[in-house]
Amino acid sequence: MIESGSIAIVGAAESTNIGVVPNVSSTGLAIDAAANALADAGLRASDIDGFTCGYFPVADMSSQLGIYPSWADNTV
């Protein structure tokens, strides 16, 4: 658990498929990018205690990634 008051962005990535991907939704591409960012950071889903994702449904994204955060937000 990260100490109160400290936040870190430790991984960044894009989806594996770039360009026109006819059989994948935008949410699916975002989930793929998030999974790649976890891998880039060397983290497991269980290491994440907070989750925010802007325009995408936070409950769908976090559960499909296996992330069950103590807080989540969809504020844009």
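The values are calculated or read from the model by the stated rules, or taken from the named source; none is laboratory data. Keep in mind the model is a prediction, meaning the values are calculated, not measured. Note that we place each Cβ from the backbone using ideal geometry, even for glycine, and neighbour counts take in every protein chain shown.
General observations
- Test for Val58: is it over 11 Å from the mean Cα position of the chain (by Cα) and β-branched (Val, Ile, Thr): no
- Residue ID - farthest from the chain's Cα centre (by Cα), chosen from residues in the stretch 18-55 that are among the polar types (S, T, N, Q), surrounded by 12 or more Cβ atoms within 10 Å (Cβ to Cβ) and modelled with pLDDT under 90: Thr27
- Being modelled with pLDDT of 90 or more, in a loop (DSSP other than H, G, I, E, B) and not acidic (Asp, Glu) holds for only one residue in Ser63, Ser15, and it is Ser15.
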